[in-house]
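Okay, so here's the structure we're looking at.
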Amino acid sequence: MSSCRKLFEQQNGFARWKCYDDIIKRLRCPKEEEYTQLLPSEDVICDTPIFACKFAQQKGNETFLALANEDGKLAIHDTTKKQEPYGIRAHNNAIFDLAWMFENMKIVTASGDHTAKLFDVANSDVREIKAFYGHTRSVKTIAFRKDDPSVFATGGRDGNIIVWDTRTDMGSFIGKVDRTIFNSHNTTAPPSKTRRKCVCMSPSRGSSAKSVTGLVFQDDNTLISCGAGDGVIKIWDLRKNYLFYKHEPIPKNKIPYGGSTTKNGFSSLIIDKDCVKLYANCLDNTIYSYNVGTCNPVPIMKYTGHQNSTFYIKSSLSRDGSYLVSGSSDENAYVWNTKQSRPLVRLTGHVAEVTCVAWCERGDITLVTCSDDMSHRIWRIGPEDLPENWEVVGRGKAEVLPLAPAQSKLKRLGEETVALPKKVIVSCKRCDNPSTNDFCQNCCSASKRKHEEEISNENKRLHTDLGPRRLFHNLTDNGSSNSELSTIVEEESEKKSHQPPTLNLPNFVLDGVAPHLNISPPKQKDQDWLTKFRIQRKFRRDFLDASASAPPKVAKLNPTPKKCSSPQSPILRFFKVKCEGHSCSSKTPGSSVLMSSPQSSQ
């Protein structure tokens, strides 16, 4: 089915057009859409890299783009109009992340000065409303609750996750903490045994705290987070109060690292609109997709092809969730079809690492990529063929990447088919017959049979210098002729096809020559005299109990009356005892002891 037919069906309401690979391949960034300065009104020689960029979510204003850089500047750019961005210096340190309020033209920023701030960006002006203090180190990530403009969460390098509510203390310029999750992504236990209730005065609680690098809300009471070093995605239930627990907080569910390398840190998290598919950028150059509806630890898809070596690289989803874009450390940005593991196109043009990206949710397809070359580019759908006067330097274009071997075949039913090249009829080089290749089918079959015969003859040859192979048969080199050896080899090759390959291997079980049978017995430990005495007494007690409880095996016919009392010792079974002081000659029951009369003393 062609793309035009799918587009018409979507416009008429018959189907939803989700696969538009051919249009994604036409992404272009013209010269006028490249911006090398965040706030052009300022007189600066060189700007700093941009760390965060996101489009607004208010209906009708989705084309407004928010940008924040390392100097703490916050800028608002309307991508539909060719005008300069406006903004202010919002923080005295770098801004690592920002988030738009739902259905509001307000922004919350996360900065390296340990604070988060709320700004109103309406009416072509940026005005600070409230500041939020609670973290003891840099604030790395921020996320709003889904469809709720009042509640948001922040995560920092101190390992803490703090949930804020902007409705508390409306008349105050300082925000109040709603709840806190301490040491959410620690690898070791903290040294302190108690936890302070006041968040503003709580210490970092040891150097084992790991940074929280990503936060997303799954629903009103479920928060998902990722860390920089533990390699675990944790799902928290916000209805629980984690402040009064003495031990480490236990999440509702965990998703372990799905790779096999030691680079198990995550740089960012994003979730689709249905809150089912979670995408996590990992430092092992892979983007993992999980089903958080079932919390299955096995990823449903792994997206590869880019490079991720820093925690500043982020990704973004299209408005329908069909395409994924991410930055990369190789100076490019990559776009994937979410049904394929290999990237569809590569966006070129930057000269440094591409960090944050954003996807507009309104109008035509619009992408934004930011790089460490202090520039950001706006990508739009361009002409199918580039004009002749298109300059590569200073401009960006989408390069189509080759598909994987499994994807190079025809696509599944319902998707576009790959156009195969037309076959050209040529003449065979041997027999001049018409053919699509250099040689016709008959010549190819004859050459193939000849090649197979040469290989079979080569396998039958014997290496007289090295002798025949002896891997699975017992051949002896005792001066036999080459003809006899060849006959033996042929017979062995015929038997080999009907016999298992392990037939002539040594059987350690039957032969009794297993390597573990030749080891020396374990050395006994030296025991002191008290331990030996205790073991002997225990052995004697157990033996007496067993002999008293067990009936005699053979009935005695002539029992001799006992004339002397002797200790019932098991040693008397094996030794003759000579009694002195009285004369008796009897055997103790159950023993073979000979009693003799004493000798008269002189």
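Give, as residue ranges, the strands (runs of 3 or more DSSP E) completely inside the stretch 243-287 that count at least 1 residues that are open to solvent by 60 Å² or more (accessible area, probe 1.4 Å), closer than 24 Å to F182 by Cα and in contact with a strand residue (DSSP E or B) (Cβ under 8 Å, 6 or more places away or on another chain).
253-256
What single numbered condition from (1) modelled with pLDDT of 75 or more; (2) outside any strand (DSSP E or B); (3) open to solvent by 60 Å² or more (accessible area, probe 1.4 Å) fails to hold for S207?
(1)
Could you tell me which of the residues T136, T187 is in a loop (DSSP other than H, G, I, E, B), open to solvent by 30 Å² or more (accessible area, probe 1.4 Å), at pLDDT below 90 and among the hydroxyl-bearing types (S, T, Y)?
T187
Give the number of residues within the stretch 142-182 that are more than 15 Å from H91 (Cβ to Cβ) and either outside any loop (DSSP other than H, G, I, E, B) or aromatic (F, W, Y) (or both).
19
Could you tell me how many of the residues in the stretch 125-178 are more than 27 Å from the chain's Cα centre (by Cα) and among the small types (G, A, S)?
Of the residues in the stretch 125-178, 6 are more than 27 Å from the chain's Cα centre (by Cα) and among the small types (G, A, S).
If I go through the stretch 212-233 residue by residue, how many of them are open to solvent by 20 Å² or more (accessible area, probe 1.4 Å) and over 17 Å from D165 (Cα atoms)?
Selection size over the stretch 212-233: 5.
For the stretch 67-81, check the following and say yes or no: at least one residue is open to solvent by 40 Å² or more (accessible area, probe 1.4 Å), modelled with pLDDT under 90 and over 33 Å from the mean Cα position of the chain (by Cα).
Checked the stretch 67-81: at least one residue is open to solvent by 40 Å² or more (accessible area, probe 1.4 Å), modelled with pLDDT under 90 and over 33 Å from the mean Cα position of the chain (by Cα).
The values are calculated or read from the model by the stated rules, or taken from the named source; none is laboratory data. Quick caveat: nothing in here was measured; it's all calculated off a predicted structure. Counting neighbours? That spans all protein chains shown, and the Cβs are built from the backbone with ideal geometry, glycine included. The accessibility values were calculated without ligands, DNA or RNA, using every heavy atom of the protein model including side chains. Shrake-Rupley method; radii C 1.70, N 1.55, O 1.52, S 1.80 Å.
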